[in-house]
Amino acid sequence: MNLARHFWNRLSQDADRVLFEHLAPSGEITWRQSRGALLTEASLWMAALRAAGIRPGDRVALSLGKATGLVTAHLAVLGVGAGVVPLNPALSAVETEAVLRQAEVKLAITTSSTVSRAPEIVAAVNGPWWVAAQAEEPDEVPPPTIALAEVLAGYRPGDEPSIGPDDALALLLFTSGTTGQPKGVGLTHHNIGANLQALLVETWQMSAEDRLLHALPPHHLHGLGLGLYGTLYVGNAAVLLDRFDPLVVLTALAQHRISVFMGVPTMYHRMTERMAAGAKDPPLIGGGLSPLRVFISGSAPLSPETFRRFEEQSGFRIVERYGLTETAINTSNPLDAERRPGTVGLALPGVEVGIFDPHTQQPLSPGETGEIWVRGPHVFSGYWNNPEVTAAAFCDDWFRTGDLGVLSTDAYLSINGRMKELIIVGGTNVTPGEVEAVLETQAGVRECAVAGVPDADLGEKVAAFIVPQADQAAASLEADLRKRAEQDLAPYKRPRLYRFLAEIPRNSMGKVERGKLKDLGAAAPKPEE
């Protein structure tokens, strides 16, 4: 499947229908784009890209936030047969330059703030920069970049997308690089198309009648591959928010006929807290809203306690799913069967999931914890220009995820953490998730996370990092947590160190940054007992 052709065909149907709307925090819709308008704009952009020398197989970097040009730019780059390199605006200049050089980017399309903040990255692109001035900035852009409006002024729409091979690069995403240089992950048109069909259409039953509330960043696989490309694939409408705010989201669910919301666990935690604080005037989730049908969580593990609290507050059972940049989405809890808290559900159609001993590479039985391996048409073929790392990541045609998990007898998958996050206490393995699942149920705990910190005797010890409720004293809560651990955890799993924080360090997708927790634990002046 060629995504550009599929998107084009979908947009050609019912051309006057609004596909994307942008919602300001004030609740005002600031812009709308119809299907036909997107086709016209994308056709014009494709003419400009071809005139700039962009050919099939080239890479084009994009960073436009959720401005009107975001969707058009993706359609146009894919339409000329090039691959998109999404840029994370949170990256430093050094990190951005590394991504641009590794990807051998031939052209960049960004906002003016990207270049103004880090002008030294301009030389990292083997071609021009097209820059769109943001609303709050002057129209001038710093040389040698070119104003996007000026670039497009000399062209007219008329081009249609190139029909390239299914195995052509569509997205080149870069991992966070927490363990070294970021690794490039190339997903083909076939990888993405097969995944969207299995997930959105066959599993989540999305259709053109759905309305998605999109509050995710547009440069990660979750917000880009599922949210943006998913909307273009299915033809549903999407309401775009620049950033997540719990009250804005809860209000939008009631006021904009939303049927689907995709989020990360941190979002659900904050929405639950906002609802508990009385965010029910005007009526929000509980207002008898017939369009609202499903809440979806991914990108980080959703705790059973957040699942329970959200259901208690909203009446909805969250659908949790599991994916990686390298594989897109592998599993999901079902819509029409049990949505089991603490699990990421069942393998998608066409996807195989297995649990293997990471050392012997032998398959394990249901109930045994090991490394999660996956295979199927959604799995990437290897890391960008990195054959050694690629070879280590595959065993035959199985991709080794690096995640620890266990399958139940009825094939529900549970994630127990990353292999690199495993805490080894005196030679015995402890996964952070199993300890967190106990501690977070304690009254007075707002959030918690667990990591291993060095210990002279045991090698590592379990450290618990707690965000208490506002009215909860740390000393009494620690005493309660120790009692709970003694009751519900084996001795080697019990935290020997407790630290109380104002917030748990997380990245932009809500994943706990355990490396920072380890540093905090190692620097803790407080004796363990």
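Worth a mention:
- Debye intensity ratio in log₁₀ form over the Cα atoms of the range 422-522, taken at each q of 0.17, 0.24 Å⁻¹: -0.71, -1.37
- Each part reduced to its alpha carbon centroid, the range 292-319 and the range 181-215 end up 20 Å apart.
- Volume per residue that the Cα convex hull of the range 1-101 spans, once the total is divided by residue count, Å³: 115 Å³
- Sequence-ordered 3J(HN,Hα) estimates for the range 422-433 from the Karplus curve with 6.51, -1.76 and 1.60 and θ = phi - 60° stand at 4, 9, 10, 9, x, x, 10, 7, 10, 9, x, x Hz, glycine and proline given as x.
- Greater than 22 Å apart at Cα, pairs in Lys461/Lys483; Lys483/Lys516; Lys106/Lys183: Lys483/Lys516
- Share antiparallel - DSSP beta bridges, the range 422-522, percent rounded to 5: 80 percent
- Gyration tensor verdict on the range 164-214 (Cα atoms; rounded if a/c is under 1.5, prolate if a/b is larger than b/c, oblate otherwise): oblate
- Helical runs (DSSP H, four residues minimum) scored at -39500 (n - 2.57) apiece and divided by the length of the chain put the mean residue ellipticity at 222 nm at -8000 deg cm²/dmol.
- Averaging the sequence gap over all C-alpha pairs within less than 8 Å and six or more residues apart, then dividing by the number of residues, gives the chain a relative contact order of 10 percent.
- Applied to the range 254-261, the Karplus parametrisation 6.51 cos²θ - 1.76 cosθ + 1.60 on θ = phi - 60° returns per-residue 3J(HN,Hα) values of 8, 9, 10, 6, 6, 10, 9, 10 Hz, with x for Gly and Pro.
- The range 356-446 shape via C-alpha gyration tensor axes, a/c threshold 1.5: prolate
- Candidate cross-link partners of Lys518 among the aspartates and glutamates, defined by an alpha-carbon separation under 16 Å and a same-chain spacing of 8 or more, comprise Glu421, Glu436, Asp455, Glu460, Glu503, Glu528.
- Vicinal HN-Hα couplings computed from phi for the range 31-48 (Karplus, 6.51 cos²θ - 1.76 cosθ + 1.60; Hz; Gly/Pro x): 7, 10, 10, 8, 4, x, 5, 4, 4, 4, 5, 5, 5, 5, 4, 5, 4, 5
- For the chain, share of DSSP beta bridges that run antiparallel, in % to the nearest 5: 60 percent
- Ranking of His222, His359 by count of other Cβ atoms within 10 Å, fewest first: His359, His222
- Residues with amide H under 5 Å from that of Leu171, placed H, sequence gap 5 or more: Val84, Leu187
- When each of Met262, Met1, Met271 is scored by the number of other beta-carbon atoms lying within 10 Å, the sequence from fewest to most is Met1, Met262, Met271.
- Nearest 10 degrees, 0 to 90: helix 93-103 Cα axis against the chain principal axis: 70 degrees
- Averaging the Cα positions of each part gives two centres, and for the range 342-368 and the range 43-84 these lie 38 Å apart.
- Under-5 Å amide H pairs with Glu460, H placed in peptide plane, nonlocal only: Gly426, Asp455
- [x] 79, 57, 57; [y] 79, 64, 38; [z] 72, 56, 46, with the label sought being that of the calculated Cα extents along the principal axes in Å: [z]
- Acute angle (nearest 10 degrees) that the helix 3-12 long axis makes with the longest principal axis of the chain, alpha-carbon atoms: 70 degrees
- Protection proxy ranking, peptides 195-204, 490-499, 50-59, average beta carbon neighbours within 10 Å, highest first: 195-204, 490-499, 50-59
- Value of relative contact order over the range 35-186, rounded to a whole percent, pairs C-alpha under 8 Å and six or more apart: 28 percent
Coordinate-derived values only; no laboratory data. Bear in mind the structure is a predicted one, so any value in this text is a computation, not a measurement. Glycine also receives a Cβ, built like all others from the backbone with ideal geometry; neighbour counts cover every protein chain displayed.
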